[in-house]
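Computed from the coordinates by the stated procedures, all read-outs in this text should not be read as laboratory data. Worth saying up front: this structure is predicted, and the values here are computed from it rather than measured. Methodologically, a virtual Cβ is constructed for each residue, glycine included, from the backbone with ideal geometry; neighbour enumeration extends over all protein chains shown.
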Amino acid sequence: MQLKGGSSLWIGGGLVAAAILVAIFAPWIALTDPVMAANLMNAEIPPDWEYPFGTDAQGRDIYSRIVYGARVSLTVGIASQICNSLIGVTLGLTAGYWGGWWDDVVSGLTNLMLAIPSLVFALAIMAILGPGLLSLVVALGLTSWSFSCRIARAQVLSLKSQGYIQAARILGYSDLRIMFTQVLPNILGPLIVIATLGMGGAILAEAALSFLGLGIRPPFPSWGSMLSEARDQIRTVPWLSVFPGLAIFFTVLGLNLLGDGLRDILDPQSTTRRT
Amino acid sequence: MLIVLARRLANIVPTVVAVMALVFLLFSVLPGSFISGMNEDGRSTIDPAVMERMRKEMGLDDPLPERFAKYMINVATGDLGTSFRTREPVTKLIGVRVWPSLKLVFAAMLFAISVGVTLGFLAALRPGSLIDTAAMVGAISGLSLSQFWFGLMLMYLFALTLGWLPSFGYGDGGLRNLILPAVALGVGPMALLARTTRAAVLDVLNADFVRTARSKGMSERRVVEWHVLRNALVLVVTIVGLQFGSLMGQAVVVEKLFAWPGVGSLLVDSVFQRDMPAVQGCILMIVLFFLFINTLVDLAYVAIDPRIRYR
């Protein structure tokens, strides 16, 4: 058996849907309040029926904190990918359509973004903006648009000479109208695939930045910040580290599988294969 | 070969200048400076006169373009400035970090290439087989792992529970300390390489020249060795290069987790201490490494694929 579009699409879609439902219905799914329900009498209880994932050093229920942490991860993932897509598509479409000096400027910027590893760039931005949800969205939303920009640019270049684009031009459509109403719908497939895969990357980056202490700060629950707290107690309280990591893993796995599955449907020539 | 090299080098200089300008600009809008940060941590207050003198000494009051120009001239002569915190030259701070960083990155890449390329290759030779399925499930899982969590789990299993390897630190810099961080760092590139190699080998196996080679009676082994490997290599080298180049930057979290004394952990510490010269130095180092590896990859293309010479 091979992981074909079908099965990876459905498994991935299922995992992502589950994560989204958990995030939306967090107050109903969680057993206790994620921050306030600290009780030192219940500290460091291993997983059992009452606390399915155990409790941490302050006696907070890990399961409830993970449920709420889904909100942070998904918010950061979705919002930052919207930013990246908007920046990448706008720059890529205009650069490919207009060409000339603007194209050179955008290509230069893209190369610049490729040369700085996006985690390092995001780290620098977080250092300037300070920790917090909004800073995370900004830092991750500004640093990985180069891929969608390249795809958009390449697609415009190949579509520009097609009859229907010429026809739109003769009808007197403005450049921007042509780009966004004639070209964009034709490249939406690959862009959705990139955004889905990028969302997984953003969730991993959020976790990494929070782990370093630059993202979401404790006590507010994010999967990365929970791991950051758990690291020092790995020897004595290992379940603290296991479950937030599994939550990250299954969410990102879901997004990656979904992206692969969507690619088989939306982008059969595979301009977006991760190379 | 020389033309490729010259073209690459001509690209590197403007990229480096642009990166440094970007970092410089970013950190110049930073609200808290290193000196005000010293006040804010509340442990001690600094006499305003002393602060004034320190600002002057560090040149923080000069206009931005002047500071940038000065900095770039210094960088060009190999002087990365003085650390705000330790008062040591940044080149010295980074200098002692480069070797551990390189060691980690090379070890991670060695792991990624040896495991990833082998898995991808075996998977492609028997598409749909058990090996293929297992390799591809492993690969997509590897892409979805968060490096530091994987590292933490490795640490728990192999260091704390089994006690086979040291849990963190550089130790004497030997192999035992290197294994866990290298595997944690290499698992992502490994997964990507497995997928790429599989796709590349499958593509080549379906190519016309492979069919021709088979139909003229070439043995399967020779077909694979002579035609498939060589042609699949170009794509694999691209991914190796891209991953390799960005690995020093990606290593920040793993280095922090394993208390590995590399450039990445220096970067994180310097960011926390708002030690701007050190931050700039680290980013410069990471970007230079990326560009250097990419240049090597471009040269490798020419060596692998003679057709590229004529383009």
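Condition test on A:Met199, is it more than 13 Å from chain B (Cβ to nearest Cβ), touching a residue at least 24 places away in the same chain (Cβ under 8 Å) and crowded, with 20+ Cβ neighbours inside 10 Å? Against the criterion (more than 13 Å from chain B (Cβ to nearest Cβ), touching a residue at least 24 places away in the same chain (Cβ under 8 Å) and crowded, with 20+ Cβ neighbours inside 10 Å), A:Met199 does not qualify. Of the numbered criteria (1) assigned to a helix (DSSP H, G or I); (2) more than 12 Å from chain B (Cβ to nearest Cβ); (3) more than 17 Å from the chain's Cα centre (by Cα), the one A:Phe220 fails is (1).
Residues in the stretch B:276-309 that are within 11 Å of chain A (Cβ to nearest Cβ) and over 18 Å from the mean Cα position of the chain (by Cα): B:Met276 alone.
Among the residues of the stretch B:159-187, which ones are surrounded by 12 or more Cβ atoms within 10 Å (Cβ to Cβ) and among the polar types (S, T, N, Q)? Hits for the stretch B:159-187 are B:Ser167, B:Asn177. Taking the criterion of being among the charged types (D, E, K, R) and touching a Leu at 6+ places or on another chain (Cβ under 8 Å), the only residue of the stretch B:99-131 that qualifies is B:Lys103.
Looking at A:Ile165, is it crowded, with 21+ Cβ neighbours inside 10 Å, part of a helix (DSSP H, G or I) and not charged (D, E, K, R)?
So A:Ile165 does not fit the description; no.
This table checks each residue for (1) away from chain A (no Cβ under 14 Å); (2) out of contact with any strand residue (DSSP E or B) (no Cβ under 9 Å at 6 or more places or on another chain); (3) closer than 18 Å to A:Leu253 by Cα.
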position	(1), (2), (3)
B:Ala134	no, yes, yes
B:Ile140	no, yes, yes
B:Phe148	no, yes, yes
B:Leu157	no, yes, no
B:Phe168	no, yes, no
B:Ala191	no, yes, yes
B:Asp203	no, yes, no
B:Val210	yes, yes, no
B:Val228	yes, yes, no
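Only one of the numbered conditions (1) more than 14 Å from every other protein chain (Cβ to nearest Cβ); (2) assigned to a helix (DSSP H, G or I); (3) out of contact with any Pro (no Cβ under 8 Å at 6 or more places or on another chain); (4) not acidic (Asp, Glu) is not met by B:Arg85, and that is (2).
Please tell me if A:Thr181 is without any contact (Cβ under 8 Å) to a residue 60 or more places away in the chain, crowded, with 24+ Cβ neighbours inside 10 Å, more than 23 Å from A:Ala19 (Cα to Cα) and not hydrophobic (A, V, I, L, M, F, W, C). Spell out the reasoning first.
Details: without any contact (Cβ under 8 Å) to a residue 60 or more places away in the chain: yes; crowded, with 24+ Cβ neighbours inside 10 Å: no; more than 23 Å from A:Ala19 (Cα to Cα): yes; not hydrophobic (A, V, I, L, M, F, W, C): yes.
When the stated conditions are applied, A:Thr181 does not pass them.
For the stretch B:7-30, the set of residues classified as aliphatic (A, V, I, L, M), within 7 Å of chain A (Cβ to nearest Cβ), in contact (Cβ under 8 Å) with a residue 40 or more places away in the chain and part of a helix (DSSP H, G or I) consists of B:Val19, B:Val23, listed by residue number.
In the condition set (1) within 22 Å of the chain's Cα centre (by Cα); (2) on the phi < 0 side of the Ramachandran plot, A:Gly213 is compliant with all but (2).
What pairs can you find where one residue is in the stretch A:230-251 and more than 9 Å from chain B (Cβ to nearest Cβ), the other is of a type in the set (Phe, Trp, Tyr), and their Cβ atoms are less than 7 Å apart, with a gap of 6+ or different chains? Correct list of pairs: A:Trp239/A:Phe53; A:Phe243/A:Phe53; A:Ala247/A:Trp223.
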